[in-house]
Amino acid sequence: MNANRLWVIGSVTLMIIALVAGWFLGIEPNLALAATDDTARTDIEQQNAAKQAEIAALTEQNKDLADIQAQYSELQKSIPTSTSTAAFIASLDDLAASTGVQVAGITVGAAQAYTVPASGAAAPVPDPATDTTAETPAPVEPAEPVGSVAVTSPLITPENFVGISVGIDLKGSYEAVLSYVHGLQSGPRLVLVTGFTSTTELDTAGVTAHIDAMIYVLKKAV
């Protein structure tokens, strides 16, 4: 009886040891690995969801890309990245032929750097931490704006935006000259007419006219 009892106790003990060893050597590592895999899968699913959201946002933004590129091409014709004065002068001759005027002379001036309008530049504000002599001004009511206020962009600077003065002498009928001025202002390239004078020619019933204008160049960033 005692021998049988010892044998039973030993057998049970061995089974318990086998179960514990099986847990630590097989089941527990597999459970830990499965938990790690679940965590990694959750992280990957979250990353995939974020990437899909980014792709959807980019797709939404790019649906108008073709129209934006077309508008950009037109704007580059209006304000090119180089002076392109030869092409501009050729367009002036083409416009003269289509409106029936004679171009008597064209002058092109030097490039002039862009100047920020005074109404578009922010006034400097003294720093109380460094300017100990400055007195705190009494609060005042904002003044009503007088005239138009220039709208400027910090992306437009004297380094990348220039204007070029152009003078054009014309001969023809007054109506044809006015048609030329209209075509000049509505052509592909942006032209700002800054001055216009005309003189009537009694012998031909026509006019001689002079146009002062500005064209612009927006240099590419380097």
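Every number here is computed from the coordinates shown, using simple stated rules; none is lab data. Everything quoted here is computed from the prediction, not taken from an experiment.
Tabulated values for the structure
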| item | result |
| --- | --- |
| Using θ = phi - 60° and Karplus 6.51 cos²θ - 1.76 cosθ + 1.60, couplings along the range 98-106 (whole Hz; Gly, Pro as x) | 6, 9, x, 10, 10, 7, 8, x, 9 |
| Hz values of 3J(HN,Hα) by residue in the range 186-196 - Karplus curve (6.51, -1.76, 1.60), Gly and Pro given as x | 10, x, x, 8, 5, 10, 9, 7, 9, x, 8 |
